[in-house]
Each structure stands twice: as structure tokens, then as C-alpha cells.
1. How large is the Rg to Rh ratio of the chain when both quantities use alpha carbon positions and Rh follows Kirkwood?
2. Count the DSSP beta bridges whose two residues both fall in the chain, then state the antiparallel fraction as a percent rounded to the nearest 5.
3. Give me the dipole magnitude in Debye, nearest 20, for the chain about the Cα centre, with unit charges on the beta carbon: positive for Lys and Arg, negative for Asp and Glu.
4. With unit charges on the beta carbon (Lys/Arg positive, Asp/Glu negative), name the residue among Leu22, Pro160, Phe89 whose Cα is farthest towards the positive pole of the charge dipole of the chain.
5. Along the charge dipole of the chain, Cβ charges K/R +1 and D/E -1, which of Leu114, Gln227, Val67 sits furthest on the positive end?
6. Under 28 Å from the Cα of Lys87, which lysines turn up, not counting those fewer than eight places away in the same chain?
7. Quick one: helix 166-188 against the long Cα principal axis of the chain, what's the angle to the nearest 10°, folded into 0 to 90?
8. For region 125-254, which whole percent of the accessible surface, found with a 1.4 angstrom probe, sits on carbon and sulfur atoms?
Amino acid sequence: HEGNIPFDAYNIVNDKRGTVNLRNRFIQEALDQEATHIAMVDDDETVSPNWLVVMLETMEKYGADVVDGAVQRILPEGTPSWMIKGKFFEWHSFKTGSKRRAASGASSLFKIRLVKEMGLRFHPAFTLTGGSDTFFFTQATLAGAKIVWLDERLVQEYFPPSRVTKKWIRQRAFRRTSSKFNRKRLEMGYPRAAITYTFNGIFQLVIGGILSIISLPFGPIARIHSQRIFIKGLGTFNGILGRDYEEYKNPHGA
């Protein structure tokens, strides 16, 4: 695209810890500035020069309230080849324009009406656990917002070595299902969510346990994928028992 869209930029210092507090702070700043849109990326990412333009064009083309963008993950030098082959860090992909139920804060653009008219904010239950973006955009969908996918990888996420480990892969699986239960608890109420996800958790534990044993002779890719299923079951019961897994309590080092 020729030319640039001029805008003022300034930094905000937020004294409250956690992504939820920061995100709600910039929502308030956007409201104070009478903004029409809010864009989000993570602090370990870089964006292409035309990222915002393409996101906005996609929003207008599909008549969407939210655009959820693809992210290209850049792994550090020395990442084991089996981890790359096993696709443990690959971002999901859908056809551009596909409708989605939720979106990620890693690369997203949304209209101010989500917070101004629908009254949405990032929920404090996810301050250090992660998952506030998924819950926020799921609530937007339930309120009638339209979310579409952009499959151009205009955002690059740089993984630190601390994340390229078997331990982190397992922890991520645990956190995601624990956080997922917490989201469902807020959506459905605890009794219904606990009944539903107790069966899911048992299934994951049984199938994951069996596959973990069967996969032992077949190398690290099969073993880790199998273990992740079992660990997802543990994460589900962690949520059911009311325990938070605070993945973002300590930052991942470079």
C-alpha cells in the first residue's frame, strides 16, 4: 500500500500486574480518545508494515466486528528437529473470511462497539492464567458480534528458548484445559460445567494414559502428543477443583 496513515503514538505505564489489567487500561484509554477501533498484539511479536491496513480491509470486506489474524511463530536457533516435525508450535490456520467463535489477542482488530455498546471488558479471573482474550471474544460472539479469520501471516511471534522444551509443551496443555474449564464455568455456571467436563476429563485421562503407554517405542513426537492428551485431563480436573494455573505469574526469559 502506498503512503502511511498518520497517527499519534504514546506509551502507557500501567501499575497493575497482569494482562487483564493492562488490556482493560488500554480499553479505557481508547474510550477516552474516542477511538473507533482497538488493535492488539503480544509483547513478543513484531508486525508487518501493512498489518493494520490489511486487518481493516478484511474487516470491511466481510462486514466483521472483529478480525482474528494468523501468527507466524519464529523458533530459536537450535530447536530440536523432532519438535518442528511434530508441529508442536504451529499456529492454527483457516480460510480468510471464515467465521470464528473467538479470537486471540496475539493479532486482532475489533470495533469499539464491543466495549462501548456491549459493555465488554477482560475478566479478572484470567489475570495470571491466560485465556482472557478467548473469553472476551467469545462473549462478543454471544452478544452478536461477527468474528472472521485473516490467514495472512503479518505478525511474527518470537519464541524464547524457555518455551522450546518438553516441559513447556506439557505445561501449555495443562494450562489450556484448566483455563478452558474456567471459561466454561463463567459461561455455563459451575454445576453444569463440572458435570460436562468431568466426563471430558475422564475420557482424556483414560485415552491419554493408554496412548502414552502404547507410544513409548515410537519416539518423542508420539510420546509427547499422547502425554498431552493425558495432561489435558489433569488440567480439566485442576479447573474443576477450583485451582488456577498461573502460567503468566513469571515471565518467560529470552
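The values are calculated or read from the model by the stated rules, or taken from the named source; none is laboratory data. Because the structure is predicted, anything quoted here is derived from the model rather than measured. Note: ideal-geometry Cβ built from the backbone for every residue, glycine included; neighbour counts use all protein chains shown. With ligands, DNA and RNA removed, areas are computed over all heavy atoms of the protein, side chains included. Shrake-Rupley method; radii C 1.70, N 1.55, O 1.52, S 1.80 Å.
1. Numbers: Rg = 19.3 Å, Rh = 19.7 Å.
So for the chain, dividing Rg by the Kirkwood Rh gives 0.98.
2. Values: 13 of 21 bridges.
Here the share of antiparallel DSSP bridges comes out near 60 percent.
3. Values: 35 positive and 25 negative charges, 313 e Å.
Value, rounded to 20: 1500 debye.
4. Result: Phe89.
5. Positive-end residue among those listed: Gln227.
6. Lys95, Lys99, Lys166, Lys167, Lys180, Lys184, Lys232, Lys249
7. Value to nearest ten degrees: 70.
8. On the way: 3880 of 6350 Å².
The C+S portion of the solvent-accessible surface of region 125-254 is 61 percent.
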